[in-house]
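*Asks:* Provided herewith is a single structure, encoded as structure tokens, for subsequent inquiry.
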Amino acid sequence: MKYLIALLVMGLLTNNFVLSKFYGICPFLGVSKKLNTAVGMSAAVIFVMLMSTAATYPINQLLIKNDLEYLQTVIFILVIAALVQMVEIVLKKFMKPLYNALGIYLPLITTNCAVLGVVLLNVDEGYTFVQSMVNSLGAGLGFMLAMVLFAGVRKKMENCDVPEFLKGLPITLVAASLVSLSFLGFGGIVEGMGLI
Amino acid sequence: MAEKKSLGKEFTKGLIKENPVLRLVLGTCPTLAVTTSVTNAIGMGVAATIVLVCSNIVISLLRKVIPSKVRIPAYIVVIAAFVTIVQMLVKAFVPALDTALGAFLPLIVVNCIILGRAEAFASKNTVLYSAVDGLGMGVGFTAALCMMGTVREILGAGTFLAGIQDLLVLFGDNVFGGWNGLDFNNALSTIGLQPITIFILPAGGFFVFGILMATANRIAEGRGKPKAELGCTSCPMAGHCNKNKDEKCEGTDKEATA
């Protein structure tokens, strides 16, 4: 149990998926301009991360059993792509409100490296099913935290007088650097709480 | 793409005019993640270039066979196959690189550059042009990674090309007399200085990328070109959302370009 909490805290703070591991930078920079889109996108990412972790875990066991580990990359990306399509169709048909909230982000997520990244990470680390799910949840929540924080930073930045040559993407990256810097402050929190 | 273009131009456009990282803003994740050293940057760049050239060739060959409705999954399968091949080769011949790049080696599958080029170029052009386009984009990607890597490694670790033998192991033991990069740490400490570790930390990655992007923008502006932006070109699913583009991109990418 302690280890599971440690995994969650690591994903959320110390090893934040976006700000210290650099997964999912494209949506982090592209969709973080407004708070509501940032929340919608990250909710969709958390959803797909959990679904694909749950789906790929048994498939991976099957691959290992048949000595087919080298097919992991191909199979995982296909499973994720198919899953995202399926989820989209199911949501559209049966859960209209949820579809309206998450739907537009779903197709964008297939090729989001955060989703494939977390699945591959779970496999590399040899996590059990529960550990994989918790790790994915931590990663997803970390993604959401980074997106929401950064949306706030960008909102403030709109009113700032930015030097001409930094306007646009460069100042966004410099701001991201500062947000990432602040996350360095969480270093050692897992050890400090006596979780590991 | 209908007008006649020279092969040379197709190659060089990827280097500067349409540099995938600094102009098209593609593949930002590996750009930030693996550039803590030049050695890793070269390794990542070469691996991605191989995948890019091979997948461009195959996708260009199949461009008349693949129905447009299922083209994205088809492209992903082709790309994933080549990534798996490269991954196995790297594991076998350059194991140190495999450890250094970690998950970012298999993640070449979802690298926007590769899917983006498949969608934007290889699916519309002949094999030779697609191969040259892939090579140019790959070299441009590698060059941008090396620029990032050079700045971050020299400032952050006080070394340059450290551990290059891990890559050169491909060509045999002790190439260049076992030269394993430069180390300025001793020279620095004699004048009482230390490398600025923050540059090899994640925060430094974002910062160096921002400054490089600003420099590239400045140069582009001097030539009357627009600034680099995160637009639909940098979204690998742009092909998917064409049907209701305005609706879909309103909250997402258009925001960033506005």
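The values are calculated or read from the model by the stated rules, or taken from the named source; none is laboratory data. Since the structure is predicted, the reported quantities are computational estimates derived from the model, not experimental observations. Virtual Cβ from ideal backbone geometry, glycine too; neighbours counted across all protein chains shown. Heavy atoms of the whole protein, side chains included, go into the accessibility calculation; ligands, DNA and RNA do not. Shrake-Rupley method; radii C 1.70, N 1.55, O 1.52, S 1.80 Å.
*Asks:* What's the center-to-center distance, using Cα atoms, between the range B:6-52 and the range A:81-102 in Å?
*Replies:* 35 Å
*Asks:* Order of A:108-114, A:135-141, A:48-54 by packing, highest average Cβ count within 10 Å first?
*Replies:* Those peptides, ordered most packed to least, come out A:108-114, A:135-141, A:48-54.
*Asks:* Using alpha-carbon positions, what is the distance between the centroids of the range B:198-212 and the range A:137-196, in Å?
*Replies:* Each part's Cα centre sits 13 Å from the other's.
*Asks:* So how exposed is B:L155, as accessible area in Å² (1.4 Å probe, rounded to 10)?
*Replies:* 70 Å²
*Asks:* Just order B:96-108, B:141-153, A:58-70 by mean Cβ neighbour count inside 10 Å, highest at the front, would you?
*Replies:* B:141-153, B:96-108, A:58-70
*Asks:* Let me make sure I get this right: for the range B:61-168, a, b and c are the square roots of the gyration tensor eigenvalues over alpha carbons, sorted descending. Under 1.5 in a/c it's rounded, otherwise prolate if a/b > b/c, else oblate. Which is it?
*Replies:* prolate
*Asks:* On average, how many beta carbons from a partner chain sit within 10 Å of the beta carbon of a residue in B:99-112?
*Replies:* 5
*Asks:* Hey, can you find the accessible area per residue of the range A:2-189 for me, probe 1.4 Å, expressed in square angstrom?
*Replies:* 42 Å²
*Asks:* What is the calculated FRET efficiency for A:K34 to A:C160, with r their C-beta to C-beta distance and R₀ = 22 Å, to the nearest 0.05?
*Replies:* Plugging the Cβ-Cβ distance into 1/(1 + (r/R0)^6) gives 0.80.
*Asks:* What FRET efficiency would be calculated for the residue pair A:I89, B:A187, taking the C-beta separation as r and a Förster radius of 60 Å, to the nearest 0.05?
*Replies:* Computed FRET efficiency for A:I89 and B:A187 comes out at 0.45.
*Asks:* Hey, another quick one. Step through the table entries A:K34/B:K69; A:K21/B:K17; A:K167/B:K9; A:K34/A:K167; A:K92/B:K64, compare each Cα-Cα distance with 21 Å, and write down the pairs that go over it.
*Replies:* A:K34/B:K69; A:K21/B:K17; A:K167/B:K9; A:K92/B:K64
*Asks:* Next question. How many nm is it between the label spots at A:I59 and B:V77, if each spot is 7 Å from the Cα in line with the beta carbon?
*Replies:* A separation of 1.3 nm, rounded to one decimal place.
*Asks:* Count, for each residue of A:159-172, the Cβ atoms from other chains sitting within 10 Å of its Cβ, then give me the mean as a whole number.
*Replies:* For peptide A:159-172, the averaged partner shielding equals 5.
*Asks:* Now a separate question. For the range A:15-69 and the range B:70-120, what is the separation of their C-alpha centers, rounded to whole Å?
*Replies:* Taking the Cα centre of the range B:70-120 as reference, the centre of the range A:15-69 is 17 Å away.
*Asks:* Of B:E229, B:E10, A:E158, A:E88, which has the most accessible area and how do the rest follow, probe 1.4 Å?
*Replies:* Solvent-accessible surface, decreasing: A:E158, B:E229, A:E88, B:E10.
*Asks:* Just check the range A:1-101 against the gyration tensor rule for me: Cα atoms, a ≥ b ≥ c as the square roots of the eigenvalues, rounded for a/c under 1.5, and otherwise prolate or oblate depending on whether a/b exceeds b/c.
*Replies:* Taking the square roots of the gyration eigenvalues as a ≥ b ≥ c, the range A:1-101 is oblate.
*Asks:* Calculated FRET efficiency, A:L178 and B:I66, Cβ-Cβ r, R0 56 Å, to nearest 0.05?
*Replies:* With a Förster radius of 56 Å, E is 0.80.
*Asks:* Here is a further query. With contacts defined as alpha carbon pairs under 8 Å and 6 or more residues apart, what's the relative contact order of chain B in percent?
*Replies:* 28 percent.
*Asks:* Determine the shielding of peptide A:26-38 by partner chains: average, over its residues, the number of Cβ atoms on other chains within 10 angstrom of each Cβ.
*Replies:* Whole-number average of other-chain Cβ neighbours for A:26-38 is 5.
*Asks:* Return a whole-number percent for the relative contact order of the range A:2-189, with Cα pairs under 8 Å and 6 or more residues apart as the contact set.
*Replies:* 43 percent
*Asks:* Sticking with this structure for a sec: Highest GNM mean-square fluctuation, chain A, Cα pairs closer than 10 Å: which of A:Y23, A:Y57, A:Y127?
*Replies:* In this elastic network of chain A, the residue with the biggest mean-square fluctuation among A:Y23, A:Y57, A:Y127 is A:Y127.
*Asks:* Mind giving me the nanometre distance, one decimal, between the label points for A:L78 and B:K225, set 7 Å out from Cα along Cα→Cβ?
*Replies:* About 3.9 nm separates the two model spin labels.
*Asks:* So with the 1.4 Å probe, I'd like the accessible area per residue for chain B, rounded to whole Å².
*Replies:* Heavy-atom SASA per residue in chain B reads 45 Å².
*Asks:* What order, most packed first, do the peptides B:70-82, B:215-227, B:41-53 have when packing is the mean number of other Cβ atoms within 10 Å of each residue?
*Replies:* Per-residue mean Cβ counts within 10 Å order the peptides as B:41-53, B:70-82, B:215-227.
*Asks:* Ok, one more. Report D for the protein assembly as shown in µm² per second (integer): Stokes-Einstein, Kirkwood Rh on Cα pairs, 37 °C, 0.692 mPa s.
*Replies:* Answer from the Stokes-Einstein relation: 146 µm²/s.
*Asks:* Okay, next question. Sort B:I16, B:I211, B:I164 from largest to smallest accessible area, using a 1.4 Å probe on the heavy atoms of the protein chains.
*Replies:* Per-residue accessible area, sorted high to low, gives B:I16, B:I211, B:I164.
*Asks:* Additional query: Run the accessible area of chain A with a 1.4 Å probe and give the carbon-and-sulfur part as a rounded percent.
*Replies:* The computed percentage sits at 68.
*Asks:* Pull out a ≥ b ≥ c, the square roots of the eigenvalues of the alpha-carbon gyration tensor of the range A:39-196, then state rounded if a/c is under 1.5, prolate if not and a/b is larger than b/c, and oblate in the remaining case.
*Replies:* oblate
*Asks:* Now for a separate question. Would you list B:D173, B:D183, B:D133, B:D166 from the most to the least accessible area, probe 1.4 Å?
*Replies:* B:D173, B:D183, B:D166, B:D133
*Asks:* Please compute the length gained on full extension between B:I16 and B:T197, using 0.36 nm multiplied by the number of residues separating them and subtracting their Cα-Cα distance.
*Replies:* Taking B:I16 through B:T197 to full extension adds about 62.2 nm, to one decimal.
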